[in-house]
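The values are calculated or read from the model by the stated rules, or taken from the named source; none is laboratory data. Predicted model only: the values in this text are computed from it and were never measured. Counting neighbours? That spans all protein chains shown, and the Cβs are built from the backbone with ideal geometry, glycine included. In case anyone asks, the SASA skips ligands and DNA or RNA and just uses the protein heavy atoms, side chains included. Shrake-Rupley method; radii C 1.70, N 1.55, O 1.52, S 1.80 Å.
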Amino acid sequence: MKVPALFLVLALGAGAARAGHDAIDVDRSMKRHAGQVTALGEPDGEGRIYSFRARRLPAAPDFVANELRGWRLTMLAGQRFAQAFEVQGNMGLEIVVGPLDGPLNGIAVNDVFVLEEIAIERAARQ
Amino acid sequence: MRLAWALALWSALAFGQARVPAEVVDAFHAALRNKDTAAALSLLDRGLLVFEFGAVDPTVEAYAFRHLPFDMDVAVATRWKLETRRVGGEGNDRSVLSTYRVTGTQSDGRPIDLTMLETVLLRRSGDAFRIVHFHWSTDDPAFLERARKQRSQEPAR
């Protein structure tokens, strides 16, 4: 578990961290936002979780309702690292994913994720 | 001979044979180019350490959060032509050392034309090789200077 190092990264703030290929100044390939899980949603009758609350990284205003509908959510840490889900909708910082990619079970508070304005190509990973 | 090679390739694809280390590296670049974050992350070992133009990402999570998005943007905006490659190692630990000619255009219209040097170390985990270390550098002093300045000044996107 590498949470302390990740916390250090977040505590330092992304402003102190920029370098790399990004020294080449290119246009963004898509809109994206990062965030961190702050609370898990209520499980359904079979224990499946499809929602969570989040905070934005770096801090920013809450999302507009359903602004993220159809966006791709990819977990960047934790047990579900590298798993992608399609956002079904959002109310501010409460994010709900659709059932096609399975439930979110396994994500945990403090897990970091990225939201990207792009569809999931499920067939490519089957 | 060609038929035998084609059959071997087909059987590897058809039966899901694990990629060899150089294919893992190429798949990582392809995932960035295809804007497939999950596919790129799936090729990284959870113990990943990245050295990138003087910056260090000490964990896979740090790299995923801080630099992978930028690397994806660059991959989409540029063309990476493999110029040289040397593979090495044995058993579960392998290396893939590559140079690429990277060309493209920056946001302000300035051309990108540099040589990218890439060291990748991989470790077998189960039946698949995953990347445990990246080290990127370049021969372009102007690029290195920009990287140094951005590391200390600019906010993340």
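Only one entry in A:V87, A:V114, A:V37 is more than 19 Å from B:A64 (Cα to Cα) and buried (at least 19 other Cβ atoms within 10 Å of the Cβ), namely A:V87.
Contact map, the stretch B:53-69: residues that are at the interface with chain A (Cβ under 7 Å from one of its Cβ atoms) and at negative phi paired with residues that are open to solvent by less than 30 Å² (accessible area, probe 1.4 Å) and assigned to a loop (DSSP other than H, G, I, E, B), Cβ distance under 7 Å, separation 6+ or inter-chain. Pairs shown: B:A55/A:A19; B:A55/A:G20; B:E61/A:L76; B:E61/A:A77; B:A64/A:L76; B:F65/A:L76; B:R66/A:A17; B:H67/A:G20. Applying the criterion of being within 14 Å of chain B (Cβ to nearest Cβ) and basic (K, R) to the residues of the stretch A:56-78, the residue that is least open to solvent (accessible area, probe 1.4 Å) is A:R72. Residues of the stretch B:98-110 that are free of Cβ contacts under 8 Å to residues at least 12 places away in the same chain and small (G, A, S): B:S107, B:G109.
State all residues of the stretch B:129-140 that are over 19 Å from B:G88 (Cβ atoms) and away from chain A (no Cβ under 12 Å); if no residue qualifies, say none. Within the stretch B:129-140, just B:D139 meets the criteria. Sub-9 Å Cβ pairs linking a first residue in the stretch B:34-52 that is more than 13 Å from A:F81 (Cβ to Cβ) to a second residue that is buried (at least 18 other Cβ atoms within 10 Å of the Cβ) and among the acidic types (D, E), at least 6 apart or interchain, are B:K35/A:E116; B:L49/B:D57; B:V50/B:D57; B:F51/B:D57; B:E52/B:D71, ordered by first then second residue. Among the residues of the stretch B:21-42, write down those that are in contact with a Phe, Trp or Tyr (Cβ under 7 Å, 6 or more places away or on another chain) and more than 19 Å from A:R72 (Cα to Cα). Answer for the stretch B:21-42, where residues must be in contact with a Phe, Trp or Tyr (Cβ under 7 Å, 6 or more places away or on another chain) and more than 19 Å from A:R72 (Cα to Cα): B:P21, B:V24, B:H29. Does the stretch A:114-124 include one or more residues that are under 26 Å from B:H67 (Cβ atoms), at pLDDT below 95 and among the acidic types (D, E)? Yes.
Exactly one residue out of A:D27, A:D22 is open to solvent by 40 Å² or more (accessible area, probe 1.4 Å), modelled with pLDDT under 95 and under 30 Å from B:T138 (Cα atoms), and it is A:D27. Only strands (runs of 3 or more DSSP E) whose full extent lies in the stretch B:26-95 are considered here, and the ones with at least 3 residues that are closer than 24 Å to A:E116 by Cβ are B:44-52, B:78-90. One residue alone among B:A22, B:A14 is surrounded by fewer than 22 Cβ atoms within 10 Å (Cβ to Cβ), of a type in the set (G, A, S) and modelled with pLDDT under 95, and that residue is B:A14. The number of residues in the stretch B:55-114 that are more than 21 Å from B:N34 (Cα to Cα) and among the small types (G, A, S) comes to 7.
Okay, residues lined up against (1) in contact (Cβ under 8 Å) with a residue 60 or more places away in the chain; (2) open to solvent by less than 50 Å² (accessible area, probe 1.4 Å):
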| site | (1), (2) |
| --- | --- |
| B:V96 | yes, yes |
| B:I112 | no, yes |
| B:V120 | yes, yes |
| B:F134 | yes, yes |
| B:D139 | no, no |
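For B:V56, the requirement of being more than 22 Å from B:A22 (Cβ to Cβ), open to solvent by 70 Å² or more (accessible area, probe 1.4 Å) and not acidic (D, E) is met.
Listed by first and then second residue, the pairs linking a residue in the stretch A:87-107 that is among the polar types (S, T, N, Q) to a residue that is in a strand (DSSP E or B) and surrounded by 18 or more Cβ atoms within 10 Å (Cβ to Cβ), with Cβ atoms under 6 Å apart and 6 or more places separating them unless they lie on different chains, are A:Q88/A:V96; A:Q88/A:V97.
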